[in-house]
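Working notes, structure below.
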Amino acid sequence: MPEPAYSARSHPQVHAAPTAVDSAPVAIPPCMATMDVVPDGDRMTVTMWGELDLGSRRLLPELYDMLTLSGTGLDLRLDAVGFCDCSGLNALLDLRTRATDEGKTVTIRSCGIAVERLLDLTGTRELFADSGRPESAPPPAVPAADPPEEDGQDLRAEVTQLRRAMQTRPTIDLARGILMASFSLSPEAAWSVLVRTSQNTNTKLHHLAHDLVGTVHGTTLPEQVQQQLAAAVAGASRPGEPAAYPTGTPAEDRDRTTGD
């Protein structure tokens, strides 16, 4: 397996003070995503894991540099992205726009359920289609006059699941803040601790976050959860630890962190 040619972990940046004629700049939160870049012929393969939200815009300068260094563009592998919202998608669209300006392409080679649903719901999947096979792709199917009722039910179910995931974010963010304050962890390390503990205890991420927040009010975590949490904190405190969503993580393990 080739060694990554480039690895980036975003850090908070200091924004310039607004001038008298400009409005105050919008604060960008810390980036919860990490990426590795490996050359692949005249293209660059970018593997990402973590969260793609507003903070992921901090990765754009590095992505722009990799795009410039590539011959024909970037191939994204997003299997290990556990959360993606419209802000994260907008960052990918900005990257695609830059590629178009340079006469290059950005394709999504593979992705997990979080990214897949967002692409389907927003109708942007075809914008990141494999550029190597555009002409051989079959023509779009003509929808039936009366689409099956099951299709509408599936779409409503996906929207409901996406909304539920958004509703659980405040609790997850609060739990991450507790870990940061209790163990002097960075935002990225606290996220990794939550995901590892969720996976190792077979507990959904938002359930684990709810229980962790409850400890502030005197409740106690189960012994197994305490052990796995301590192990995850110890691992996150050591340099060189793998990411919370390493490439190749089984889909069922990734889904457990975002599902019901």
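The values are calculated or read from the model by the stated rules, or taken from the named source; none is laboratory data. Predicted model, so just to flag it, every value in this text is computed and none were measured. Here the Cβ positions follow ideal geometry from the backbone for every residue, glycine too, while neighbour counts run over all protein chains shown. Remember, those area values only see protein heavy atoms, side chains included, never the ligands or the DNA or RNA. Shrake-Rupley method; radii C 1.70, N 1.55, O 1.52, S 1.80 Å.
Among residues of the stretch 101-144 being exposed (fewer than 14 other Cβ atoms within 10 Å of the Cβ), among the small types (Gly, Ala, Ser) and modelled with pLDDT under 90, the one that is farthest from the chain's Cα centre (by Cα) is 144. Selection of the stretch 207-232 for residues being under 26 Å from the mean Cα position of the chain (by Cα) and either open to solvent by 70 Å² or more (accessible area, probe 1.4 Å) or closer than 19 Å to residue 171 by Cα (or both) yields 207, 208, 209, 210, 211, 212, 213, 225, 229.
The residues on offer are 168, 201, and the sole one that is open to solvent by less than 40 Å² (accessible area, probe 1.4 Å), modelled with pLDDT under 85 and out of contact with any Phe, Trp or Tyr (no Cβ under 7 Å at 6 or more places or on another chain) is 168.
The set of residues from the stretch 47-71 being touching a residue at least 40 places away in the same chain (Cβ under 8 Å) and open to solvent by 10 Å² or more (accessible area, probe 1.4 Å) comprises 47, 49, 58, 62, 66. Taking the criterion of being modelled with pLDDT of 85 or more, farther than 21 Å from residue 110 by Cβ and either touching a Gly at 6+ places or on another chain (Cβ under 6 Å) or not acidic (Asp, Glu) (or both), would at least one residue in the stretch 23-39 satisfy it? Yes: the stretch 23-39 contains one or more residues that are modelled with pLDDT of 85 or more, farther than 21 Å from residue 110 by Cβ and either touching a Gly at 6+ places or on another chain (Cβ under 6 Å) or not acidic (Asp, Glu) (or both).
Here residue 98 meets each of (1) at pLDDT 90 or above; (2) in a helix (DSSP H, G or I); (3) under 16 Å from residue 115 (Cα atoms) with one exception, condition (3).
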